[in-house]
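Asks: The structure is given below, and queries will be raised subsequently.
The values are calculated or read from the model by the stated rules, or taken from the named source; none is laboratory data. Note that this is a predicted model, so its numbers are computed, not measured. Cβ: placed from backbone, ideal geometry, glycine included. Neighbour counts: every protein chain shown. Please note that ligands, DNA and RNA were not included when accessible areas were found on the heavy atoms of the full protein model with its side chains. Shrake-Rupley method; radii C 1.70, N 1.55, O 1.52, S 1.80 Å.
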Amino acid sequence: MTQLDDTDREIISTLRADARTPVATLAHKLRVSRGTVQNRLRKMEESGVIVGYTVRLRPDSEPQRIRAWMSIAVEGNAAPEVIRALRGEPTVGTLHSTNGRWDIVAEVRADSLEAFDSALGRIRLTPGIANTETSILLSTFKV
């Protein structure tokens, strides 16, 4: 794993806020040369620390306006099968393994309450899922 220093972390932090920040702006903000920023970005990309750049949309501009976190308890050691099944569910955006009471946390998105209800029903029927608890996201304060 690549060791990151404060400059690398500051580059990443700035790019998380705006992935289109020009190299010159990063260099000025960090008080280093453009070459330094370019080299560090290249090294972080080549080592896999940075795997890509993305676009964030305003929540009200996305077609799937209903979002929720679903906490999932898995029976026995069925987690790999459950994850494989959930990867095929179109309403599941991200999946995370966790510790504690819940084994998996899934981000579920839908464009209506009816579609959301249907997705919850399909997910709950997945073999290996013992229990779920879902919380609808109402507001986002930091991205």
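Asks: When the residues of the stretch 115-143 are filtered to those that are among the basic types (Lys, Arg) and part of a helix (DSSP H, G or I), which remaining residue is nearest to Gly76 (Cα to Cα)?
Replies: The selected residue is Arg124.
Asks: Would you confirm, using the coordinates I've provided, whether Ile104 is among the aliphatic types (A, V, I, L, M) and within 16 Å of the chain's Cα centre (by Cα)?
Replies: yes
Asks: Then there is this: Would you mention how many residues in the stretch 94-143 are β-branched (Val, Ile, Thr) and in contact (Cβ under 8 Å) with a residue 60 or more places away in the chain?
Replies: Number satisfying all stated conditions: 5.
Asks: Residues that are outside the structural domain of Thr132 (by the TED database) and either modelled with pLDDT of 90 or more or open to solvent by 70 Å² or more (accessible area, probe 1.4 Å) (or both): list the helices (runs of 4 or more DSSP H) wholly contained in the stretch 1-114 that include at least 2 such residues.
Replies: Answer list for the stretch 1-114: 6-17, 23-30, 34-47.
Asks: So which residues in the stretch 124-135 are out of contact with any strand residue (DSSP E or B) (no Cβ under 7 Å at 6 or more places or on another chain) and surrounded by 11 or more Cβ atoms within 10 Å (Cβ to Cβ)?
Replies: Once the filter is applied, which keeps residues that are out of contact with any strand residue (DSSP E or B) (no Cβ under 7 Å at 6 or more places or on another chain) and surrounded by 11 or more Cβ atoms within 10 Å (Cβ to Cβ), the stretch 124-135 yields only Thr126.
Asks: Related question: Starting from residues that are without any contact (Cβ under 8 Å) to a residue 24 or more places away in the chain and among the small types (Gly, Ala, Ser), keep the ones in the stretch 1-25 and report whichever is farthest from Thr36 (Cα to Cα).
Replies: Filtering the stretch 1-25 for residues that are without any contact (Cβ under 8 Å) to a residue 24 or more places away in the chain and among the small types (Gly, Ala, Ser), the one farthest from Thr36 (Cα to Cα) comes out as Ala17.
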